[in-house]
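The values are calculated or read from the model by the stated rules, or taken from the named source; none is laboratory data. Because the structure is a prediction, the values reported are computed rather than measured. Positions of Cβ are generated from backbone atoms using ideal geometry, with glycine treated the same way; all protein chains shown enter the neighbour counts.
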C-alpha cells in the first residue's frame, strides 16, 4: 500500500444541468421573439409614415389657408375701394342709394369671407402644431 502524504486541502465542485435537447422550445421562443420584434418594427414604420403624412397634409392645408387669407384681404381692399367710389358718387348726386347699398353688401361679404379665412388659417395652424407634436 502506498502512503499518501498528509496534505491539507479541500475540493470544490459544482453541478450544472443543461438540457441538450429541448424539443425545439428555445428555437421556437427565439422565432416568436424575432417575429414580435419585426411586427413592432413594422408598426413603428406605419406610425412614422402616418405622422409624416399628417404633418405634410397639415402643412399643405396651412399654405392653402394662407393663400385664402391673402385673397380675402385683397377682396376686402377691392370692395372697400368700390364702396368708397360709390359713396363719393352718391354724395355728388351722381350715384344712387341702391348702388351704395349694393357696394356696402359686397364689402360686408368680403369682410365675412376674410373672417372665415382667418378662422380657417388658425384651425390649420393648430392642426399642424398637433400633427407635429408641438404644444
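So the values come out like this:
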item	result
Failed criterion for residue 72 (all others in (1) over 15 Å from residue 122 (Cβ atoms); (2) in contact with a helix residue (DSSP H, G or I) (Cβ under 6 Å, 6 or more places away or on another chain) hold)	(1)
Sole residue being more than 37 Å from the chain's Cα centre (by Cα) and modelled with pLDDT of 95 or more, chosen from 22, 102	102
Filter result (exposed (fewer than 15 other Cβ atoms within 10 Å of the Cβ), without any contact (Cβ under 8 Å) to a residue 40 or more places away in the chain and farther than 22 Å from residue 51 by Cα) within segment 105-135	105, 108, 109, 112, 115, 119
Any chance residue 53 is exposed (fewer than 12 other Cβ atoms within 10 Å of the Cβ) and either assigned to a helix (DSSP H, G or I) or touching a residue at least 60 places away in the same chain (Cβ under 8 Å) (or both)	yes
Of residues in segment 76-123 being touching a helix residue (DSSP H, G or I) at 6+ places or on another chain (Cβ under 9 Å) and part of a loop (DSSP other than H, G, I, E, B), the one farthest from residue 64 (Cα to Cα)	94
